Amino acid sequence: MVNVAVIGVGAMGAFHADALSHRVRGARVSVVSDLDADRAGALAETLGARFEPDPIAAIGSSDVDAVVLASPGFAHEKQVLACFDAGKPVLCEKPLTMDERSAYALVQAEAELGRRLVQVGFMRRFDREYAALRALVESGELGRPLMLHCVHRNPAVPDSFTSEMALADSVVHEVDCVRFLLGQEIVAVTALRPAATGSAPEGVSDPMLVLFETEAGTLVDVESFVRTGVAYEVRTELVAEHGMATIGLDQNLLLRTAGRWGGAIAADFVERFGQAYDSQLQAFVDAAAQGTVTGPDVWDGYAAVAVCTAGVEAVSTGCRVEITLGARP
Ligand code: ISE
């Protein structure tokens, strides 16, 4: 049984804690930590766990074998370093850190340790459709990938959600998927800002069209639209030399009735990616039982931070921004 500390129990942390307690095999939540003592205390009691107000003490505790970090991004650097000190596997939600310098410092710190301890929470890699598309690309059956068309639509976000946050919080998943599907680094980013929807606050660009160029010349366009008022839609179409492939069509149950036909679209990302979130945690727990981690690593977390930082610059300046990653240890 792997004893897990869940640090940060807002919506995502509470979701992971529930999965660890009820759906993931071989794990239990032993410690819960959050600045909000009332919410963390209440959750700890329901799960039969212990509440520890200090996240660093929670990470170092003897009743903790592995750590799930769902705390705010600005807290990650210090908490990941504490996991390194304690030699404990950590599943760190995105973003790995808030800036390139600190993300690269974690890449170097893990390399100095000489063992993998970080898995970054890019859960889409555990989604069946993304895994199938990657396997198709890897098989070479369609030849060289030429373009990817990606759609990332949320039904709604709070008014405080800026254009820059759409890059760092939503488009970041597309960044990781591009790298995962193509096995290439992204070398440049441009962001185009069409007329904004009426529901976007003054000065906020929504939707946006974000263009990524990869090292082998694959071009990726991402429609980021986070206030559609419709549903949660995430789609990817691969255009390759010998064919095309699409994922994310929501084609589960197609109903025909009263002269119409149609199906259901997921309401939110937890519904769309529920299987991926749980499979990600199961993989984390299985690897932690062996004292290691699997899946997206600290380099993937760093590369995503670097691309999103460039993306934020591209949004605010309107210019094409190139990305140069540090040396890979
Ligand atoms: C949210 O934070 C997520 O991580 C979702 O996966 C993403 O689709 C959504 O746009 C983000 O706001």
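Per-structure values
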quantity	calculated
Size of charge dipole - the chain - debye, nearest 20, with Cβ of Lys, Arg +1 and Asp, Glu -1, no other charges	680
C-alpha long axis of helix 128-139 to longest principal axis of the chain, angle in °	70
GNM result for the chain, Cα springs below 10 Å: residue of GLU213, GLU202, GLU45 fluctuating most strongly	GLU202
Extreme residue, positive dipole direction of the chain, given options GLY198, ALA306, TRP261 (C-beta unit charges)	TRP261
Cα Rg, Dmax (largest Cα-Cα span) when computed across the range 226-329, Å	19.5, 62
Among VAL307, VAL226, VAL239: highest mean-square fluctuation, GNM of the chain, C-alpha pairs under 10 Å	VAL239
Net charge of Cβ neighbours under 11 Å - reference GLU322; Lys, Arg +1; Asp, Glu -1	-1
Mean shadow area of the chain, taken as a quarter of the surface of its Cα convex hull (nm²)	18.6
Estimated vicinal HN-Hα couplings, Hz - the range 121-126 in sequence order (Karplus 6.51, -1.76, 1.60; Gly, Pro = x)	x, 8, 5, 4, 4, 9
Counted charge near GLY26, where neighbours are those whose Cβ lies closer than 14 Å (Asp, Glu -1; Lys, Arg +1)	0
Among beta bridges that DSSP assigns inside the chain, antiparallel share in %, nearest 5	55
The range 114-234 - charge dipole about Cα centre, Lys and Arg +1 at Cβ, Asp and Glu -1, debye rounded to 20	400
Principal-axis tilt of helix 172-182 within the chain, Cα atoms, nearest 10 degrees	80
D_trans [Stokes-Einstein, Kirkwood Rh over alpha-carbon pairs] for the range 164-284, 20 °C, 1.002 mPa s, µm² s⁻¹	128
GNM top mover of LEU209, LEU249, LEU96 - the chain, alpha-carbon springs below 10 Å	LEU249
Radius 12 Å from Cβ of ALA105, net charge of other residues (Lys, Arg +1; Asp, Glu -1)	-3
Whole-Å semi-axes of the ellipsoid equivalent to the range 1-128 (Cα gyration tensor, √5λ, descending)	22, 16, 14
Angle between the chain longest axis and helix 37-47 axis [Cα atoms, degrees, rounded to 10]	80
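FYI, it's all coordinate maths here, none of it is from the lab. Bear in mind the structure is a predicted one, so any value in this text is a computation, not a measurement. Using ideal geometry, Cβ is built from the backbone for each residue, glycine included, and neighbour counts are taken over all protein chains shown.
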